[in-house]
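Read through the structure below, which is laid out as structure tokens, and then see the notes.
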Amino acid sequence: MKFIDEYRDPARARALLDRIRQVARREWTIMEICGGQTHSIMRNGIDQLLPPNVQLVHGPGCPVCVTPLETIERALAIAAMPGVILTSFGDMLRVPGSEKDLFMARSEGADVRIVFSPLEALQIARDHPEKEVVFLAVGFETTAPANAMAVRQAAREGLSNFSELVSQVMVPPAMRAILSSPGNRVQGFLAAGHVCAIMGYEEYEPVAAEFGVPIVPAGFEPVDLLDGILKVVEMLEAGRSGVVNAYGRVVSREGNPEARRVMQEVFEVADRPWRGIGIIPQSGLVLRPEFARFDAEKRFNVGHIAPQESPLCHSGEVLQGHLKPSDCPAFGHECTPQTPLGATMVSSEGACAAYYRYHRKS
């Protein structure tokens, strides 16, 4: 099948691995930002096939993982209110709050529904005008256009019973935070191909120039990832920084102008807390004042909820590339997919879940 099979071709993968081994003369640490890339790396054993002097660490590009604990608690509080239908993508329902998750809230009688699009939540609002329908709008730039479209459509239709609990974050400020950290060891990045399909890669160029690092947008298949790693290593060995696109069949420099336009129409940039990391300045999107009536946090007055994380959970250090998941003392003991301490253990894109599933120890 075109654009799938050739990117899973063992011969092409072996050739790229051979080239990485030839080029990599020094020790390098590369971060793949995206949790989907992390799982593909683990599933295909790429981390075990690379030469030992090329080390991969795993970044904060799992949207479920970085959704703040207070957002989960606010969603739980809203779901418990009478007359509310809380809607969400399925992977959010297992994210642990302080004492329970949304699945447990549903078992206790809350009307919590899995949807596959915010527009599906919008339809539920149309079908149930007597209910308040809330969509838990989380994610990176990939999900922001659809979430913005739902709000814009609700405004056009005059739907007064629809709102979003927004926790949208952006990748470049997270890169800056990682590179500015005193404990940083990341020397180059694989950027998330689906984010770049929306935003393009021009916004990474100032980051690469400021910190002198290579940034390579890459896809998710084994050949995509190995090609991206090779390009990062070649740039590091040559002492070059900048952005090189390894996902040209999907990503352009300018991205998707229409998607970016609807995001800018509905959202504005603001400081945003990231779970396990803290507040990253200018890293999030919030509804513009003209759409404030669709802000569930304000509508249901839950902005004051601010719980504390478990002291046993080191997911923040994992998300910043300071720790491998298996280095956390709770990994596989107090923290398992059945008894998670943090979202990185339950998300389908979480690094801890990947290590647990694929039995990685380092």
Any chance ALA208 is in a helix (DSSP H, G or I), within 19 Å of VAL244 (Cβ to Cβ) and touching a Gly at 6+ places or on another chain (Cβ under 6 Å): yes
Does GLU157 qualify as being surrounded by fewer than 16 Cβ atoms within 10 Å (Cβ to Cβ), at pLDDT 95 or above and either among the charged types (D, E, K, R) or in contact with a Lys or Arg (Cβ under 9 Å, 6 or more places away or on another chain) (or both)? yes
Report yes if some residue within region 230-250 is surrounded by 21 or more Cβ atoms within 10 Å (Cβ to Cβ) and among the hydroxyl-bearing types (Ser, Thr, Tyr); otherwise report no. yes
Please determine, by comparing only the residues of region 251-265 that are in a loop (DSSP other than H, G, I, E, B) and out of contact with any strand residue (DSSP E or B) (no Cβ under 9 Å at 6 or more places or on another chain), which one is most open to solvent (accessible area, probe 1.4 Å). GLU254
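Just give me the residues in region 266-291 being surrounded by fewer than 12 Cβ atoms within 10 Å (Cβ to Cβ) and at pLDDT 90 or above, in sequence order. Walk me through it before giving the result.
First pass over region 266-291, keeping only residues surrounded by fewer than 12 Cβ atoms within 10 Å (Cβ to Cβ): 278, 289-290.
PRO289, GLU290 - these are the residues of region 266-291 that are surrounded by fewer than 12 Cβ atoms within 10 Å (Cβ to Cβ) and at pLDDT 90 or above.
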With respect to the numbered conditions (1) open to solvent by 20 Å² or more (accessible area, probe 1.4 Å); (2) assigned to a loop (DSSP other than H, G, I, E, B); (3) at negative phi, which one is the sole condition not fulfilled by GLU141? (1)
Selection over region 95-114 where residues are over 22 Å from ALA125 (Cβ atoms) and open to solvent by 80 Å² or more (accessible area, probe 1.4 Å) yields a count of 4
Cβ-Cβ distance below 6 Å, separation of 6 or more or different chains: which pairs start in region 166-177 with a residue that is within 11 Å of PRO63 (Cβ to Cβ) and end on one that is of a type outside the set (Val, Ile, Thr) and part of a helix (DSSP H, G or I)? GLN168/ALA144
When both residues are 6+ apart or on different chains and their Cβ atoms are under 6 Å apart, which pairs have a first residue that lies in region 263-277 and is under 24 Å from GLY200 (Cβ atoms) and in contact (Cβ under 8 Å) with a residue 40 or more places away in the chain, and a second that is open to solvent by 40 Å² or more (accessible area, probe 1.4 Å) and in a strand (DSSP E or B)? VAL269/GLN282
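This table checks each residue for (1) polar (S, T, N, Q); (2) buried (at least 21 other Cβ atoms within 10 Å of the Cβ); (3) not assigned by TED's automatic domain parsing to the domain that holds PRO273.
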site: PRO10; (1), (2), (3): no, no, yes
site: ARG19; (1), (2), (3): no, no, yes
site: ILE33; (1), (2), (3): no, yes, yes
site: ILE41; (1), (2), (3): no, yes, yes
site: VAL54; (1), (2), (3): no, yes, yes
site: LEU69; (1), (2), (3): no, yes, no
Taking the condition within 22 Å of the chain's Cα centre (by Cα), farther than 28 Å from MET149 by Cβ and surrounded by 16 or more Cβ atoms within 10 Å (Cβ to Cβ), does GLU221 pass? yes
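Can you name the residue in region 115-125 that is open to solvent by 10 Å² or more (accessible area, probe 1.4 Å) and not in a helix (DSSP H, G or I) and is also nearest to THR143 (Cα to Cα) among such residues?
SER117
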Residue under question is ALA24, and the condition is that it be small (Gly, Ala, Ser) and closer than 25 Å to ALA146 by Cα; does it hold? no
Check off (1) within 30 Å of GLU27 (Cα to Cα); (2) open to solvent by 20 Å² or more (accessible area, probe 1.4 Å) for GLY303 and give me the number that stays unchecked. (1)
Among the listed residues PRO214, PRO182, which satisfies the condition of being more than 30 Å from LYS131 (Cα to Cα) and either modelled with pLDDT of 95 or more or open to solvent by less than 20 Å² (accessible area, probe 1.4 Å) (or both)? PRO214
Answer yes if at least one residue in region 79-88 is crowded, with 21+ Cβ neighbours inside 10 Å and part of a helix (DSSP H, G or I), and no otherwise. yes
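The values are calculated or read from the model by the stated rules, or taken from the named source; none is laboratory data. Keep in mind the model is a prediction, meaning the values are calculated, not measured. Here the Cβ is made from the backbone with ideal geometry for all residues, glycine too, and neighbour counts use every protein chain on show. Calculation scope for accessible area: heavy atoms of the full protein, side chains included, ligands and nucleic acids excluded. Shrake-Rupley method; radii C 1.70, N 1.55, O 1.52, S 1.80 Å.
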